[in-house]
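The values are calculated or read from the model by the stated rules, or taken from the named source; none is laboratory data. Computed from a predicted structure; not experimentally measured. Every residue, glycine as well, gets a Cβ built from its backbone with ideal geometry; the counts of neighbours run over all protein chains shown. The protein model used for the area step is the full one, side chains on, heavy atoms only, and it has no ligands, DNA or RNA in it. Shrake-Rupley method; radii C 1.70, N 1.55, O 1.52, S 1.80 Å.
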Amino acid sequence: MSSALITLLAVLVVAMLLRAPIAFAMLASGIAYLIVKGQDLGLAAEQVLNGLYNGYVLLAVPLFVFAANLMNAGTISERLFDLSRVLVGRMRGGLAQVDILVSVIFSGMSGSAIADAAGPGLVTIKQMLKKPEYTPGFAGAVVVASATIGPIIPPSIPMVIYALVSGTSVGALFLAGVVPGLLMAALLMVGVHVIATRRKMPQDDPIARRHLPGILMRGLLPLSLPVVLLAGIYSGAFTPTEAAAVAALHALVLAAGVYRAFSPQALFAVTLESLRSSAVITMIIASAYLLNYAFTAEGVPGQLAQWVSGLNLGQLEFLLLVNAVFLVLGCFLDVSVMLLVFVPMLIPAAKLLGIDLVHFGVVIVVNMMIGLVTPPFGMLLFVTNALTGIPLKDMVREGWPFTALLMLALLMMTLFPQIVLWLPQSMGYVTH
């Protein structure tokens with residue numbers, strides 16, 4: 001490695017150890033690289049601005065964030081919870097099963113694991129903690145595990161970012177996430193059933209028949225959002241980026257217009273929070289463009305591709321190696337960092353081996369979602385702990401069976417690419 005690249009990595013590691021915001025750590029390391037390299041510091045602004053201005057698909061990110069925050073601040077989470085209780089509440093460990101189903105439904109609206117845990121997840125935890133059979137650790141573990149489905153079933157913010165760095169079709173990625181997301185949910189529901197049966201957890205209380213029509217009507221209207229999004233995208237009515245605007249408008253009309261769940265002050269607070277979250281994501285993305293410039297200038301992606309070629313790995317061996325590396329990285333690094341810094345270096349190697357980039361993208365994103373539930377820095381663990389006060393060690397102890405099931409789903413997607421590719425191919429997308 002050149003002295004400039006060593007300086008970049010050293011500054012990045014030191015800044016992260018000092019707990020500097022990751023966007024500033026990447027920006028500082030990129031500027032340090034330019035200084036050691038003797039290049040014009042104006043390149044930093046050039047790389048950042050060119051990347052952002054050419055990233056039209058990035059417009060989808062703040063809009064999906066806004067849509068998710070609108071749904072969480074309104075009454076949509078509660079309505080979906082009630083609907084799911086009707087459908088699966090009478091199963092053994094009913095409230096835990098309800099949480100998984102709510103996550104599946106909510107994932108078709110938000111595209112964010114954090115939004116899933118902070119919205120529907122918080123609702124179900126409160127309900128589970130009312131019953132002594134559900135321990136706090138188990139309740140938190142179920143919510144944390146099921147929230148990983150959020151960015152797999154479309155829409156998905158991480159898949160939008162992956163499409164940006166890989167040049168892959170957002171529409172194909174969205175379709176490719178449907179079956180894997182349902183597979184993850186099915187395995188988690190089986191796991192809950194086994195644990196609930198062993199611990200003799202209760203079924204949910206029966207709901208009076210006279211209340212069923214009202215609950216169904218309250219819950220069906222929010223379900224129109226994923227239908228509108230997917231139908232609009234795949235009919236060609238609007239692009240995936242425009243779909244994000246439709247999602248935000250749909251959520252606003254439901255929460256503020258139909259349900260009247262917002263005062264002007266509450267709407268302003270949701271908008272402000274969405275701006276803050278979007279600014280954080282945009283800063284990370286902007287800083288990553290500078291790091292990507294440095295890695296590309298040093299020829300790192302090409303060297304990595306040549307190294308992989310020299311190992312004589314097949315497609316499966318490469319994917320298994322990538323899985324192992326990202327499962328470890330996910331314990332320590334933010335999803336955005338892995339997507340924007342590490343994934344672009346792997347794309348040339350994946351292409352060299354003939355791996356379909358849609359399949360590769362879904363495998364990568366599932367990897368990163370598992371990283372959100374693994375200690376020591378699993379973001380979903382910290383979010384759930386902050387919202388509920390459930391100790392981290394209790395969630396980790398109760399959550400290992402669910403983490404194992406998510407890893408099983410990942411292995412199945414790796415071994416059998418058609419789990420990922422069947423639906424986009426059936427809809428006419430030509431995968432490569």
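Any idea which residue in region 218-269 is modelled with the lowest pLDDT, counting only those that are closer than 22 Å to residue 423 by Cβ and touching an Asp or Glu at 6+ places or on another chain (Cβ under 9 Å)? Steps first, please.
The initial filter retains those residues of region 218-269 that are closer than 22 Å to residue 423 by Cβ, namely 223-244, 246-247.
From the residues that got through so far, the ones that are touching an Asp or Glu at 6+ places or on another chain (Cβ under 9 Å) too are 232-233.
On the way: 232: 81, 233: 76.
Selected residue: 233.
In region 314-328, how many residues are surrounded by fewer than 18 Cβ atoms within 10 Å (Cβ to Cβ) and either modelled with pLDDT under 85 or of a type outside the set (S, T, N, Q) (or both)?
Taking region 314-328 first, the residues surrounded by fewer than 18 Cβ atoms within 10 Å (Cβ to Cβ) are 314-317, 320-321, 324-325, 327-328.
Still in the running and either modelled with pLDDT under 85 or of a type outside the set (S, T, N, Q) (or both): 314, 316-317, 320-321, 324-325, 327-328.
Total satisfying the criteria: 9.
Among the candidates 421, 387, single out the residue that is over 29 Å from residue 175 (Cα atoms) and touching a helix residue (DSSP H, G or I) at 6+ places or on another chain (Cβ under 8 Å).
Working: 421 fails: over 29 Å from residue 175 (Cα atoms).
Criteria check complete, one pass: 387.
Scan (1) within 26 Å of residue 285 (Cβ to Cβ); (2) open to solvent by less than 30 Å² (accessible area, probe 1.4 Å); (3) not in a helix (DSSP H, G or I) for the single condition residue 367 breaks and write down its number.
For residue 367, the failing item is (3).
For residues that are aromatic (Phe, Trp, Tyr), in a helix (DSSP H, G or I) and surrounded by fewer than 18 Cβ atoms within 10 Å (Cβ to Cβ), scanning just region 383-432, find the one that is farthest from the chain's Cα centre (by Cα). Working first, answer last.
Step one: list which residues in region 383-432 are aromatic (Phe, Trp, Tyr), which gives 400, 402, 416, 422, 429.
Narrowing further to those that are in a helix (DSSP H, G or I): 400, 402, 422.
Subset that is surrounded by fewer than 18 Cβ atoms within 10 Å (Cβ to Cβ): 400, 422.
Details: 400: 20, 422: 21 Å.
So, considering only residues that are aromatic (Phe, Trp, Tyr), in a helix (DSSP H, G or I) and surrounded by fewer than 18 Cβ atoms within 10 Å (Cβ to Cβ), the one farthest from the chain's Cα centre (by Cα) is 422.
Consider residue 42 against the criteria (1) over 19 Å from residue 299 (Cβ atoms); (2) modelled with pLDDT of 85 or more: it satisfies all of them except one. Which criterion is unmet?
(2)
Here is a list: 286, 256. Which entry is assigned to a helix (DSSP H, G or I) and open to solvent by 30 Å² or more (accessible area, probe 1.4 Å)?
Numbers: 286 fails: open to solvent by 30 Å² or more (accessible area, probe 1.4 Å).
The conditions single out 256.
Identify, by number, the condition in (1) without any contact (Cβ under 8 Å) to a residue 12 or more places away in the chain; (2) open to solvent by 70 Å² or more (accessible area, probe 1.4 Å) that residue 45 doesn't meet.
The number of the failed condition is (2).
For region 329-354, name all the residues that are open to solvent by 10 Å² or more (accessible area, probe 1.4 Å) and not in a helix (DSSP H, G or I).
331, 332, 333, 334, 353, 354
Take residues that are charged (D, E, K, R) and tell me which of the helices (runs of 4 or more DSSP H) falling wholly in region 55-120 contain 1 or more. Break it down stepwise before answering.
Working: elements: 60-73, 76-88, 94-110, 113-118.
So the answer is 76-88, 94-110, 113-118.
So, in region 10-39, how many residues would count as being closer than 21 Å to residue 303 by Cα and either open to solvent by 60 Å² or more (accessible area, probe 1.4 Å) or among the β-branched types (Val, Ile, Thr) (or both)?
1
Go through 272, 304 for me and flag whichever is open to solvent by 10 Å² or more (accessible area, probe 1.4 Å), more than 16 Å from the chain's Cα centre (by Cα) and either of a type in the set (S, T, N, Q) or modelled with pLDDT under 80 (or both). So that I can check it myself, show each step before the final result.
Values: 272 fails: either of a type in the set (S, T, N, Q) or modelled with pLDDT under 80 (or both).
Selected residue: 304, the only one of 272, 304 that is open to solvent by 10 Å² or more (accessible area, probe 1.4 Å), more than 16 Å from the chain's Cα centre (by Cα) and either of a type in the set (S, T, N, Q) or modelled with pLDDT under 80 (or both).
Please determine whether any residue of region 182-200 is over 27 Å from residue 398 (Cα atoms), of a type outside the set (Asp, Glu) and touching a Gly at 6+ places or on another chain (Cβ under 8 Å).
Filtering region 182-200 down to residues over 27 Å from residue 398 (Cα atoms) leaves none.
No, region 182-200 has no match at all.
Mind checking which pairs have a first residue in region 365-383 that is closer than 9 Å to residue 147 by Cβ and a second that is of a type outside the set (A, V, I, L, M, F, W, C) and modelled with pLDDT of 85 or more, Cβ under 7 Å, 6 or more apart or different chains?
369/148; 369/151; 372/148; 373/148; 373/399; 373/403
Counting only residues that are farther than 27 Å from residue 293 by Cβ, give me the helices (runs of 4 or more DSSP H) lying completely in region 150-214 with at least 2 of them. Show your work before the answer.
Values: elements: 157-166, 170-176, 178-199.
Those helices (runs of 4 or more DSSP H) span 170-176, 178-199.
Which of the residues that make up region 233-253 are assigned to a loop (DSSP other than H, G, I, E, B) and among the hydroxyl-bearing types (Ser, Thr, Tyr)? Write out each step before concluding.
We begin by selecting, within region 233-253, every residue assigned to a loop (DSSP other than H, G, I, E, B); these are 236-239.
The one that is assigned to a loop (DSSP other than H, G, I, E, B) and among the hydroxyl-bearing types (Ser, Thr, Tyr): 239.
Going through 272, 230, 267 one at a time, which residue ends up being touching a Pro at 6+ places or on another chain (Cβ under 8 Å) and either in contact (Cβ under 8 Å) with a residue 12 or more places away in the chain or part of a helix (DSSP H, G or I) (or both)? Step through it out loud before you land on a result.
Working: 272 fails: touching a Pro at 6+ places or on another chain (Cβ under 8 Å); 267 fails: touching a Pro at 6+ places or on another chain (Cβ under 8 Å).
It is 230.
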